[in-house]
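K.L.:
Pasting in a structure now, in structure tokens, and then I'll have a few things to ask.
The values are calculated or read from the model by the stated rules, or taken from the named source; none is laboratory data. What you see is a predicted model; the values in this text were computed from it and never measured. Every residue, glycine as well, gets a Cβ built from its backbone with ideal geometry; the counts of neighbours run over all protein chains shown.
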Amino acid sequence: MVSTAPEARGTIRSDHLERERSLRFAITVDALLITAMLLSSVAGRSLTMFAESVRAVLMLSTEVFAFVAIRRIHRGQFLGFDFGVGKIEQLANLAITGGMLGSAAWIAIGAVRQLFIVREPGSPAGLAFVAIVGAINTYFNWVSWLAVRQATPPGSPVIMLAQLRSRSVKLASSCFVLLLLTIAAVFTDPGIVLLTDVSGALFVAGFLVRTAREMWRDGLPDLIDRSVDESVQRPITRALVEQFDAYDYLGAVRTRRSGKTVFIELTLGFFPDRSGSEIEERRAAVKAALHREVAHADVAIITGVTPVLGTRGGDA
């Protein structure tokens, strides 16, 4: 989880600044490339490049949103959230997902329309210009991907992982599109140009839909406070079984995830003749076991008198 402590308002950590620099660089490069892509798509009459430009515009808008959000997180401007900023991170994640779905829809519609619209292909010089711009776009997507990956080590916040995944999608798409643009530039036959345009558009659309579906599946449960899945529930159960003798009664166990933090709230009951210090030691033992079993756990234990009548060794 990204730090939101008050001291974050003063000195910003170096790794946070590195994240911001990588995103700022990527956004600046994207803005310049989009302009060149739009111009080349008009000059070469390339629907594939135009679709790539539209996709890039939509993705750029979500990246700007993510950049603004992560700057505010790094500067501790979300201090009023008792459960951290995981939902904000996931909201940015889902915003990127929306950009992907919108891009996929636009590209697919353009590909279908191209099958029914008869038009002259671009000139050889125009198609060559499109391929050159596509190569430049691919190169800078590679550079941007490297910058974001370097700023996203294991354990990074969800918003940065979403950015890295988005950059991976863009790089893979641009590589395949470059291949098709190069084919269209070399073989200027109208049939080949049409085939490469449609193939490239449908590939990019399918790739974006698949990635968006995965990101939606990962982010939506956090926003609606769904309990954590079995992969986390099992370690929680294991920890409670391990500390079975530390409590006299186990009440409700509630879980939720916010970003990468897992919030665990459980109720433990103790016999009334146990001392306060003994209860505190037992609570600490249970909490330590949960922290060992569940990474990034935030544990809250509510204690009370066990509903079982009697005391230790007494009759019910």
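K.L.:
Could you look through the range 257-290, keep only residues that are free of Cβ contacts under 8 Å to residues at least 40 places away in the same chain and closer than 30 Å to Leu94 by Cβ, and pick out the one that is farthest from the chain's Cα centre (by Cα)?
P.N.:
Checked the range 257-290; the qualifying residue farthest from the chain's Cα centre (by Cα) is Leu266.
K.L.:
Something else now. Within the group Leu38, Leu33, Leu60, which residue is without any contact (Cβ under 8 Å) to a residue 24 or more places away in the chain and at negative phi?
P.N.:
None of the others qualify; the one that does is Leu38.
K.L.:
Determine which member of the set Arg19, Arg72 is surrounded by fewer than 17 Cβ atoms within 10 Å (Cβ to Cβ) and closer than 19 Å to Leu161 by Cβ.
P.N.:
Going through Arg19, Arg72 in turn, just one is surrounded by fewer than 17 Cβ atoms within 10 Å (Cβ to Cβ) and closer than 19 Å to Leu161 by Cβ: Arg72.
K.L.:
May I ask you to verify whether Thr48 is within 14 Å of Met100 (Cα to Cα), of a type in the set (Val, Ile, Thr) and in the same structural domain as Val204 (by TED's automatic domain parsing)?
P.N.:
Against the criterion (within 14 Å of Met100 (Cα to Cα), of a type in the set (Val, Ile, Thr) and in the same structural domain as Val204 (by TED's automatic domain parsing)), Thr48 does not qualify.
K.L.:
Does Thr196 meet the test of being in the same structural domain as Ser41 (by TED's automatic domain parsing), at pLDDT below 85, more than 25 Å from the chain's Cα centre (by Cα) and part of a loop (DSSP other than H, G, I, E, B)?
P.N.:
Against the criterion (in the same structural domain as Ser41 (by TED's automatic domain parsing), at pLDDT below 85, more than 25 Å from the chain's Cα centre (by Cα) and part of a loop (DSSP other than H, G, I, E, B)), Thr196 does not qualify.
K.L.:
I would also like to ask the following. I need every pair where a residue in the range 171-192 that is assigned to a helix (DSSP H, G or I) has its Cβ under 6 Å from the Cβ of a residue that is of a type in the set (Asp, Glu) and crowded, with 23+ Cβ neighbours inside 10 Å, sequence separation at least 6 or different chains.
P.N.:
Val177/Glu52
K.L.:
I've got another one for you. Examine the range 77-87 for a residue that is polar (S, T, N, Q), at pLDDT 75 or above and more than 15 Å from the chain's Cα centre (by Cα), and state whether such a residue exists.
P.N.:
No, because not a single residue in the range 77-87 is polar (S, T, N, Q), at pLDDT 75 or above and more than 15 Å from the chain's Cα centre (by Cα).
K.L.:
Same structure again: Could you tell me whether any residue of the range 242-257 is exposed (fewer than 12 other Cβ atoms within 10 Å of the Cβ) and of a type outside the set (Gly, Ala, Ser)?
P.N.:
yes
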